[in-house]
Structure formats: C-alpha cells, structure tokens
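The structure appears right after this line, and notes come after that.
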Amino acid sequence: VQLQASGGGLVQAGGSLRLSCAASGSILSALGWYRQTPEKPRELVAMLFSDGSTEYAESVKGRFTISGATAKKTMSLQMNSLKVEDTAVYYCYGRTIVAKQYWGQGTEVTVSS
C-alpha cells in the first residue's frame, strides 16, 4: 500500500486547513491521520473505518472532520478552528483487512498565534 498525503502548511490560529490522502494497493479497513511533535509521541488524530464509522482524538472533536471512503481509497481531514497546539507533522495511516499498517510521508501543519 502506498499513501500519498497532500495539504498542510502555515495558518494563523483560528484558521482552517485541509489534508488529503490517496491510497493505492490493497483493500483497506481503515484510513486516518496521526500527528507527532518533537515533544510528544505519535498520536491518533482521526480515523475512518470501512463501515463508515469514525474516531477522533478528544482534543480535535468538534473542530476536525474526517471524510472519504476506504473503498475509494481516498480520505480528507478538514481542520477548522486550528490552535497553536495543533502544530505537528501529520501522517496519513492505512490499515489493510489483514491488519497490516502503512504510513504516508509526513506533512507539516504550523499554526501561528
């Protein structure tokens, strides 16, 4: 599985950004985003599952929305009301139906105050 992420960039606090990820290869059971900073380990941001259900980190609930479809192998993350603490490198994540995990290249999100 290959994961191609796009989006990210620099935005002021309160602004919005959209991340997208396109996958190729095996059938996926989940697509999502993790993020990592030098100070923290990689953490789940949002996940989209093959049954259409979603999961969000508590810190982004109500601000971020994940959309797409694992069957179409595309997914986007709309990030609104961004905070300085959302600054991180965001990684697209994919999991196949046999539970193999894959990571895309990181894309930087910087939120300035």
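Every number here is computed from the coordinates shown, using simple stated rules; none is lab data. These figures come from a predicted structure and were not determined experimentally. All Cβ positions, even for glycine, are placed from backbone atoms using ideal geometry, and neighbour counts span all protein chains on display.
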**Report entry** Residue count for the range 10-53, restricted to those that are among the hydroxyl-bearing types (Ser, Thr, Tyr) and more than 11 Å from Ala69 (Cα to Cα)
**Finding:** 6
Query raised in the report: Within the range 40-85, how many residues turn out to be aromatic (Phe, Trp, Tyr) and closer than 18 Å to Gln101 by Cα?
Result: 1
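Conditions tested, residue by residue: (1) in contact (Cβ under 8 Å) with a residue 24 or more places away in the chain; (2) among the basic types (Lys, Arg); (3) at positive phi.
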{"position": "Gly14", "(1), (2), (3)": "yes, no, yes"}
{"position": "Leu28", "(1), (2), (3)": "yes, no, no"}
{"position": "Arg35", "(1), (2), (3)": "yes, yes, no"}
{"position": "Pro41", "(1), (2), (3)": "no, no, no"}
{"position": "Glu58", "(1), (2), (3)": "no, no, no"}
